[in-house]
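Structure record follows, encoded as structure tokens.
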């Protein structure tokens, strides 16, 4: 009987300890900021700055076209439970607004991460439907220029600190740690720019002005005659002629575009069709921003020796 009482007492103690630990875990989870991001890239940067103090969940995975994301109830539910929502802005993720409206979360703070960025290709004319899916406030693919990353991270850090002032010092420390390592990577990328400087390529969509601005390469032509508009046969014929005459070495295309047109251009000209991911996770081996840029450098450098 005594042994049974001792065993029962021991079980009671164990149960009490487990209950306390579960309660502490649940409290810690509840104390974390819940952050949703429109893109995988913003999720990555938020995790670097927020660390274990935040739960981060992107809407679009890295292999998705950020221009076109279906408005789903499950995404609205994510935002209903969130404290913060980071968006790319510059009219790239315009599908965010219906999600925010549908979340019915009056406490949700929406932050446009393009503030602090100097946009490229801001139209100097009135934009209308005849220009296709042209962005009125400039090209929105600004995260593909590594020099813009510190500004993005500072916006994220300031927002996290404002929403969670008790951990403001931790967010600042984590930002400083990440940017210190990032600056070392920037130096390596500037050295890599020597390999790409002056190289021309054709791309499917106009995703690469910021990348080219950093690395000194050039966009020779676009498969899309206008943003979001499929190319005509005459436009493709013109591209084939240009690739041959200018000895262009590569046609790059995002993972979410049909590869058949780049493959056709490569077959007709002898250049190389290269899959070029725009976001973290867009291809295997690109699960960090640093590995994404390294992959782009390697893929474009690999096309250097290929001539029509």
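The values are calculated or read from the model by the stated rules, or taken from the named source; none is laboratory data. All of these numbers come straight from a predicted model, not from anything done at the bench. Here the Cβ positions follow ideal geometry from the backbone for every residue, glycine too, while neighbour counts run over all protein chains shown.
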Flag if residue 159 is assigned to a helix (DSSP H, G or I), modelled with pLDDT of 95 or more and in contact with a strand residue (DSSP E or B) (Cβ under 6 Å, 6 or more places away or on another chain): yes
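Identify, from the list 170, 151, the residue that is surrounded by 15 or more Cβ atoms within 10 Å (Cβ to Cβ), in contact (Cβ under 8 Å) with a residue 24 or more places away in the chain and either farther than 25 Å from residue 82 by Cβ or within 18 Å of the chain's Cα centre (by Cα) (or both). Full working, then the answer.
Details: 170 fails: either farther than 25 Å from residue 82 by Cβ or within 18 Å of the chain's Cα centre (by Cα) (or both).
Of 170, 151, the one residue that is surrounded by 15 or more Cβ atoms within 10 Å (Cβ to Cβ), in contact (Cβ under 8 Å) with a residue 24 or more places away in the chain and either farther than 25 Å from residue 82 by Cβ or within 18 Å of the chain's Cα centre (by Cα) (or both) is 151.
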Verdict on residue 99 being crowded, with 16+ Cβ neighbours inside 10 Å and over 30 Å from residue 179 (Cα atoms): yes
Filter result for the condition that a residue is under 18 Å from residue 195 (Cβ atoms), under 24 Å from the mean Cα position of the chain (by Cα) and not assigned by TED's automatic domain parsing to the domain that holds residue 139, over 294, 258: 294
Residues (surrounded by fewer than 24 Cβ atoms within 10 Å (Cβ to Cβ) and either modelled with pLDDT under 95 or touching a strand residue (DSSP E or B) at 6+ places or on another chain (Cβ under 7 Å) (or both)) located in the range 44-53: 47, 53
Residues of the range 67-116 that turn out to be at pLDDT 95 or above and more than 15 Å from residue 38 (Cβ to Cβ), as a count: 9
